[in-house]
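The values are calculated or read from the model by the stated rules, or taken from the named source; none is laboratory data. These numbers were taken from a predicted model, which means no experiment stands behind them. Note: ideal-geometry Cβ built from the backbone for every residue, glycine included; neighbour counts use all protein chains shown.
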Amino acid sequence: MHYTGTIWRPPYEASSLLIEVTAGCTHHKCKFCTLYDDLPFKFKMSPLEDIETDLAEVRSELSAWHSQPVNRVYLTGANPFVLKFERLKEIADMIHKYLPECQTIGCFARVTDIARKTDDELKALYELGYDGITIGVETGDGEILEFMNKGYPPEEIVTQSHRLDTVSIKYNYFYLTGISGAGRGKIGALATAKVFNQTHPQIIGSSMLTIYPNSELFAELQAGNWFEETELEKLEELKTLIGNLDIPVYFATLGASNALFVEGQLPKDKAAMVTHLEYLCNTQDESDLRHYRTHLKQL
């Protein structure tokens with residue numbers, strides 16, 4: 001199998017077959033991100049020959065071991081959805097050739113990747129099996145989206161999510177608790193809730209900001225241009241976000257960046273989740289949570 005560098009996938013894609021179709025990120029400008037710093041290049045597309053070889057290997061292994069059918073394929077890389085429609089179609093056709101039992105194809109996507117597709121292309125991609133894509137929106141705080149170089153305003157999150165809704169492509173969000181910085185956590189959470197309440201994600205996965213020395217954000221922190229929230233502020237921010245979400249969605253703190261786990265189905269579990277977070281805010285020790293953050297070697 002062809003894999004390059006560290007392979008990142010959402011926790012809920014653990015049972016999906018991972019196929020590399022890109023490596024790296026086309027944007028690679030977010031100040032907080034260090035996920036693809038181990039690569040010697042910014043972005044590359046996998047040759048179709050490599051993708052076909054990997055799919056043929058999977059097919060052979062499935063046949064040899066009489067394994068369970070592959071119902072879902074997850075394309076790896078920071079944002080495979082950036083690929084042109086024709087390329088994504090070729091990949092889907094190849095997947096269905098070798099894995100005819102495959103029902104859906106997922107991947108990471110940037111908001112701007114969706115914007116580059118026409119409505120007809122999005123509809124065709126859904127018909128090819130693309131569904132349940134994961135978008136790292138991070139926040140709905142427009143000031144911070146600009147500061148962090150995300151490359152789009154919060155209004156685009158709503159616009160492009162609506163376009164996915166129109167063609168029935170389901171999507172998930174990742175939110176980055178702590179991204180708004182010291183004193184702005186609640187402001188960012190309220191702004192994000194306002195944006196998210198206009199959309200229909202299936203899952204909202206919350207990561208917690210961890211700043212590494214090789215990030216551009218670390219330099220901004222050292223220069224005094226941005227200040228980090230305390231760990232307890234981050235919990236307050238999370239409580240504010242959940243408390244102001246009015247959409248039906250599964251919400252969970254996902255990944256190693258979270259020292260504490262919170263999950264539930266909104267709106268059913270909202271009150272219990274807010275109460276639990278209030279309890280954590282009142283009982284957790286800042287120094288213990290900070291020790292976890294500073295000793296987290298990688299996400």
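Restricting attention to the range 24-59, which residues are farther than 22 Å from ALA256 by Cα and hydrophobic (A, V, I, L, M, F, W, C)?
Scanning the range 24-59 gives PHE41, PHE43, MET45, LEU48, ILE51, LEU55, ALA56, VAL58.
Starting from the range 206-221, keep only residues that are outside the structural domain of THR34 (by TED's automatic domain parsing) and touching a residue at least 40 places away in the same chain (Cβ under 8 Å), then list their pairs with residues that are among the aromatic types (Phe, Trp, Tyr) and assigned to a helix (DSSP H, G or I) whose Cβ atoms are within a distance under 9 Å, requiring at least 6 positions of separation or different chains.
ILE211/PHE218; TYR212/PHE218; GLU220/PHE147
Out of PHE43, PHE32, I need the residue that is of a type in the set (Phe, Trp, Tyr) and under 15 Å from ASN214 (Cα atoms). Which one? Give the steps one after another, and end with the answer.
Values: PHE43 fails: under 15 Å from ASN214 (Cα atoms).
The match here is PHE32.
Of all residues in the range 222-248 being touching a residue at least 60 places away in the same chain (Cβ under 8 Å) and in a helix (DSSP H, G or I), which is farthest from the chain's Cα centre (by Cα)?
GLU231
Which residues, taken from the range 170-179, are outside any strand (DSSP E or B) and crowded, with 22+ Cβ neighbours inside 10 Å?
Pass one, the range 170-179, residues outside any strand (DSSP E or B): 170, 178-179.
Within the range 170-179, GLY178, ILE179 qualify.
With TYR98, TYR74 as the choices, which residue is farther than 18 Å from THR6 by Cα, modelled with pLDDT of 95 or more, of a type in the set (Ser, Thr, Tyr) and touching an Asp or Glu at 6+ places or on another chain (Cβ under 9 Å)? Give the steps one after another, and end with the answer.
Working: TYR74 fails: farther than 18 Å from THR6 by Cα.
Selected residue: TYR98, the only one of TYR98, TYR74 that is farther than 18 Å from THR6 by Cα, modelled with pLDDT of 95 or more, of a type in the set (Ser, Thr, Tyr) and touching an Asp or Glu at 6+ places or on another chain (Cβ under 9 Å).
Tell me which residues, restricted to the range 64-73, are under 29 Å from GLU156 (Cβ atoms) and either among the polar types (S, T, N, Q) or buried (at least 24 other Cβ atoms within 10 Å of the Cβ) (or both).
Start the filter on the range 64-73 by keeping residues that are under 29 Å from GLU156 (Cβ atoms), which leaves 72-73.
Of everything in the range 64-73, just one residue is under 29 Å from GLU156 (Cβ atoms) and either among the polar types (S, T, N, Q) or buried (at least 24 other Cβ atoms within 10 Å of the Cβ) (or both), namely VAL73.
Every residue in the range 256-275 that is in a helix (DSSP H, G or I) and over 14 Å from LEU241 (Cβ atoms), please. Don't jump to the end; show me each part of the working.
The initial filter retains those residues of the range 256-275 that are in a helix (DSSP H, G or I), namely 270-275.
Result: ALA271, ALA272, THR275.
Considering only the range 136-168, how many residues are under 24 Å from GLU13 (Cα atoms), among the hydrophobic types (A, V, I, L, M, F, W, C), assigned by TED's automatic domain parsing to the domain that holds SER206 and crowded, with 22+ Cβ neighbours inside 10 Å?
The number of residues fulfilling the criteria is 2.
Filter the range 123-167 down to the residues that are polar (S, T, N, Q) and in a helix (DSSP H, G or I), then identify the one that is farthest from THR26 (Cα to Cα). Spell out the reasoning first.
Taking the range 123-167 as the starting set, the residues that turn out to be polar (S, T, N, Q) are 134, 139, 149, 159-161, 166.
Among the residues that remain, those that are also in a helix (DSSP H, G or I) are: 159-161, 166.
Values: THR159: 21, GLN160: 18, SER161: 20, THR166: 26 Å.
My answer is THR166.
Which of the residues belonging to the range 91-132 are among the small types (Gly, Ala, Ser), crowded, with 20+ Cβ neighbours inside 10 Å and within 19 Å of ALA78 (Cβ to Cβ)?
Quick first cut of the range 91-132, residues among the small types (Gly, Ala, Ser) only: 92, 106, 109, 115, 124, 129, 132.
With crowded, with 20+ Cβ neighbours inside 10 Å added as a condition, the list becomes 92, 106, 109, 132.
Once the filter is applied, which keeps residues that are among the small types (Gly, Ala, Ser), crowded, with 20+ Cβ neighbours inside 10 Å and within 19 Å of ALA78 (Cβ to Cβ), the range 91-132 yields GLY106, ALA109, GLY132.
Residues in the range 1-22 that are within 16 Å of PHE174 (Cβ to Cβ) and acidic (Asp, Glu): how many?
Matching residues across the range 1-22 total 1.
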